[in-house]
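One structure is given here, and the rest of the page talks about it.
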Amino acid sequence: MSWVFLRDLLSGVNKYSTGIGRIWVAVVFMFRLLVYVAAAENIWKHEHDEFECNIKQPGCENVCFDHFFPVSHIRLWALQLIMVSTPSLLVVFHVAYRENREKQHNQKLYRNPGKIDGGLLYTYLISLILKTGLEIVFLVLFYKLYNGFKIPHLVKCDIKPCPNTVDCYISKPTEKMIFLYFLVATSCLCIVLNLSELSYLIFKYSIKCYLKRHMKKHQ
Amino acid sequence: MGEWSFLGDFLEKVHKHSTVVGKVWLTVLFIFRMLVLGTAAESSWGDEQSDFMCDTQQPGCENVCYDKAFPISHVRFWVLQIIFVSTPSLVYMGHAMHTVRMEEKRKMKEAELEAQEKKNGGDTYYQQKCSLAEKEAKLCGWDEAGGQIILRGSLLNTYVYSILIRTAMEVAFIVGQYVLYGIFLETLYICQRAPCPHPVNCYVSRPTEKNVFIVFMLAVAVLSLFLSLAELYHLGWKKAKERCSRSYKASPSTAPGRLESAPQAERPQMYTPPPDFNQCLSSPNGKFISPFSNKMASQQNTANFATERVHGQEDAAGEGPFIKSSYVESPEAASECAAPAFPENYFSEKRRFSKASRASSKARSDDLSV
């Protein structure tokens, strides 16, 4: 199992997306998935081995690392990528359901099963809301877990079995911070894209609805 | 290397919609940057921190000294550089795909309209709408008769802007790398940062090997920058040439009516879509085959010159494209590998231009030509 799986899933999503949706897929691929796989993974690879405390007491480093990094940044990043991509599958499933229905009844029930209208529109809107919600949840989680988006180079730890307050040094803090900011920036960009797509769709279809009603009244 | 397949797939599509120089740039990006980074450079920097040794036993000193010496690792810097430098091309590709999609929608609507009008019997209204729609499509960059994407108007602007932004990114990253690390990596780094008790000697792992890669990647970045500038110059020169030829040819005898009809009549004859490069390699027509498409290049270029001449007349009146380029989108056109049907005066023009133009643009036949 690798990220190719996610990539293939999202390529399918691309077919049934609006223009802004396609930009979102491109941003997720290029700026999040690719950066994660090509750069970020390697930075956090040996974070535990390179975490060093100024003490010889066995076990002290372990407990301190565990205290300061309950869930590693990189694992949260991976979870975020997966969670944020998953709501798009709702749209794919709905289109598959429509096509299946057409097959079962052996007649053309929809003008175009992939066109965003009717029930598929609501599914699409729900997927957008879920995506945005999950992005915000993960950003808040990052902020709360690590007290902001900064990574200090030194942390003070006094958890047993450390006999006193011990200086512990985090490896590559500057590089990690750069990529953390990158993650936050791309998350925010994706939130903006999702919200603009949401408002665009709502606006477009309410205008359509209004015009239809207007035509009916005149007729 | 597998991770770069994400970007590689996107850029394959950009490859189709690029000019000659653009294709060379993309090849340089693929081979000399992505491939080298993914295979060789990554392993060279693999043990960068574990083998970064400081002459001290003070715990934590190595960590902080490494962090001070390398705020961002070279490899990660190059990854970001590749991503940011590729992004403008993807924006252009998005625009090109959008144009294709709009054209497909337009064709569908036209077909529907045709069916409707045929039912009602209102021919003239349909014809008017059709010609209007065609003109619209031409403005957007789609040639109905040839079935190609023509690089003009907003699409060409997007292309030029993408190259400009790409150039700016290259310069920014080259300057950034110089500011961060200079050109060469020193073996010894003297570090003075708490908790190191005094200035400590720290030794970088594999400095010579890293220097080789640093110099290589810097050279490739400069080469890419040069290629981007060459592409800009190429586009700008063509535009200036076209404007000059237009100002010379603006004559009162050219009636507007003739201008309007000329393109319609001449377009099917003046050039046929260039065949796909792979198919042309096996063509029996020896004149147009070469292992490295140089002859294809001159053939394509002269075809484009002929195109520009004809378009130059047509555009003297109207808003006119900045620079024209053609690209085969339809598979039927792409399968034609025989000698394209050139207009009668093509060969005389070809000879004239082949002598005049020394520019050896090593174009492939499916290049976007300007």
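The values are calculated or read from the model by the stated rules, or taken from the named source; none is laboratory data. Owing to the predicted nature of the structure, the values given are computational and were not obtained by experimental measurement. No Cβ is skipped: glycine too gets one built from the backbone with ideal geometry, and neighbour counts run over all protein chains shown. These area figures cover heavy atoms from the full protein model, side chains too; ligands, DNA and RNA do not enter into them. Shrake-Rupley method; radii C 1.70, N 1.55, O 1.52, S 1.80 Å.
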Checklist outcome for this item: Placing +1 on each Lys and Arg Cβ and -1 on each Asp and Glu Cβ in chain A, then taking the dipole about the Cα centre, the residue among A:N147, A:F179, A:T18 whose Cα reaches farthest towards the positive end is A:T18
Checklist entry - To the nearest 20 debye, what is the magnitude of the charge dipole of the range A:131-219 about its Cα centre, counting +1 on the Cβ of each Lys and Arg and -1 on the Cβ of each Asp and Glu? => result 840
Checklist entry - Over the range A:3-218, what relative contact order in percent results from Cα pairs under 8 Å that are six or more residues apart? => result 30
Checklist entry - Hey, what's the Cα Rg ratio for the range A:3-218 versus the globular rule of thumb, 2.2 N^0.38 Å? => result 1.37
Item to check | Amide H contacts under 5 Å for A:V166, placed H, 5+ residues apart | outcome: A:C157, A:D158
Checklist outcome for this item: Summed over the other residues with a beta carbon less than 15 angstrom from that of B:M169, with K and R at +1 and D and E at -1, the charge totals 0
Next on the checklist: Under a Cβ-only charge scheme (Lys and Arg +1, Asp and Glu -1), can you give me the dipole magnitude of the range A:3-218 about the Cα centre, in debye to the nearest 20?
Outcome noted: 1780
Checklist entry - Based on the Cβ-Cβ distance of B:E114 and A:D117, what FRET efficiency does E = 1/(1 + (r/R0)^6) give at R0 = 30 Å, to the nearest 0.05? => result 0.80
Checklist outcome for this item: Using alpha carbon centers only, the range A:11-61 is separated from the range B:71-112 by a whole-angstrom value of 22
Checklist entry - Per-residue HN-Hα couplings for the range B:6-19, Karplus 6.51 cos²θ - 1.76 cosθ + 1.60 at θ = phi - 60°, whole Hz, x for Gly and Pro? => result 4, 6, x, 5, 4, 6, 4, 5, 4, 3, 5, 9, 10, 7
Checklist entry - Can you run phi through the Karplus equation (6.51, -1.76, 1.60; θ = phi - 60°) for the range B:173-184 and list ³J(HN,Hα) in whole Hz, with x for Gly and Pro? => result 6, 5, 5, x, 5, 5, 5, 6, 10, x, 9, 9
Checklist entry - Dipole of the range B:20-117, Cα-centred, from +1 at each Lys and Arg C-beta and -1 at each Asp and Glu C-beta, to the nearest 20 debye? => result 400
Checklist outcome for this item: Rounded to the nearest 100 Å², the accessible area hidden between B and A, summed over both chains at a 1.4 Å probe radius, is 2800
Item to check | 3J(HN,Hα) from dihedral phi, the range B:98-114, Karplus parametrisation 6.51/-1.76/1.60, rounded to Hz, x for glycine, proline | outcome: 4, 4, 4, 5, 4, 5, 5, 5, 4, 5, 5, 4, 4, 4, 5, 4, 4
Checklist entry - Between B:V171 and B:L35, what is the spin-label point distance in nm, taking each point 7 Å from the Cα along the Cα→C-beta axis? => result 3.1
Checklist outcome for this item: Here the cysteines of chain A lacking a cysteine partner under 4.7 Å (Cβ to Cβ) are A:C188, A:C190, A:C209
Checklist outcome for this item: With label points set 7 Å from each Cα along the Cα-to-Cβ direction at B:L188 and A:V4, the distance between them in nm comes to 4.9
Item to check | Charge-dipole axis of the range A:3-218 as Lys and Arg at +1 and Asp and Glu at -1 on Cβ define it, positive-most pick from A:L81, A:F51, A:P113 | outcome: A:P113
Checklist entry - Tally Lys/Arg at +1 and Asp/Glu at -1 over every other residue whose Cβ is under 11 Å from the Cβ of A:L189; what's the total? => result 0
Next on the checklist: How far apart, in nanometres, would the label points at A:N100 and A:T18 be if each is projected 7 angstrom from Cα along the Cα-to-Cβ direction?
Outcome noted: 2.7
Checklist outcome for this item: Residue separation between B:L218 and B:S44 times 0.36 nm, minus their alpha-carbon distance, gives in nm 61.0 nm
Checklist entry - What is the sum of charges around A:V91, taking Lys and Arg as +1, Asp and Glu as -1, for the other residues whose C-beta is under 14 Å from the C-beta of A:V91? => result +2
Checklist outcome for this item: Residues meeting the amide H criterion for B:C54 (H placed from the backbone, H to H distance under 5 Å, 5 or more places apart or on another chain) are B:Y203
